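I have placed the structure first, in the form of structure tokens, so that the comments after it can refer back to it.
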Amino acid sequence: ELAPGSFLAAVVDALELGPPVVISPSLSGMYSLPFLTAPGSQLRGYVPVAPICTDKINAANYASVKTPALIVYGDQDPMGQSSFEHLKQLPNHRVLIMKGAGHPCYLDKPEEWHTGLLDFLQGLQ
């Protein structure tokens, strides 16, 4: 079940972070997806790592997102592919599929994870 998008908005406001990059593995999708798709959402970047609840967002909401995204999942993670089927509707996305990695792909392939993440972050305006 999705959590209110206002939760992460309140955290960002309280910490005075400015537009953050949100890295969202697995269960955190229930918080990050409503935040990402909320009207007026100000994210600098979004990095979903096989998050849950991707099926709870409709195609029009995905299509309205302007935030650059790096969609990450391990090719040994069945949840990763199903998550990607929804996330690929984000108009401004890149994909990092980590060969031989499971659900915690960043733990299975830390060097590949860090290289891909840093490349994405350095490309943000």
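The values are calculated or read from the model by the stated rules, or taken from the named source; none is laboratory data. What you see is a predicted model; the values in this text were computed from it and never measured. Because the Cβ atoms are built from the backbone with ideal geometry, glycine has one as well, and the counts that use them run over all protein chains shown.
Among the residues of segment 61-70, some residue qualifies, meaning at least one is hydrophobic (A, V, I, L, M, F, W, C), closer than 17 Å to Ala9 by Cα and modelled with pLDDT of 95 or more.
Residue-by-condition table, conditions (1) closer than 20 Å to Gly123 by Cα; (2) touching a strand residue (DSSP E or B) at 6+ places or on another chain (Cβ under 9 Å); (3) of a type outside the set (S, T, N, Q):
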| position | (1), (2), (3) |
| --- | --- |
| Ala3 | no, no, yes |
| Pro34 | no, no, yes |
| Thr37 | no, no, no |
| Gly40 | no, no, yes |
| Pro51 | no, yes, yes |
| Lys56 | no, no, yes |
| Asn61 | no, no, no |
| Thr67 | yes, yes, no |
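A single member of Met30, Met79 is farther than 26 Å from Gly18 by Cα, at pLDDT below 95 and not charged (D, E, K, R), and it is Met79. For Gly45, state whether it is of a type in the set (Gly, Ala, Ser) and farther than 23 Å from Gln122 by Cα. For Gly45, the condition - of a type in the set (Gly, Ala, Ser) and farther than 23 Å from Gln122 by Cα - is not met. Counting only residues that are modelled with pLDDT of 95 or more and of a type outside the set (Phe, Trp, Tyr), which one in segment 38-53 is farthest from Leu96 (Cα to Cα)? For segment 38-53, the residue satisfying everything is Arg44.
When restricted to residues that are touching a helix residue (DSSP H, G or I) at 6+ places or on another chain (Cβ under 9 Å) and closer than 28 Å to Ala63 by Cβ, segment 91-112 contains 10.
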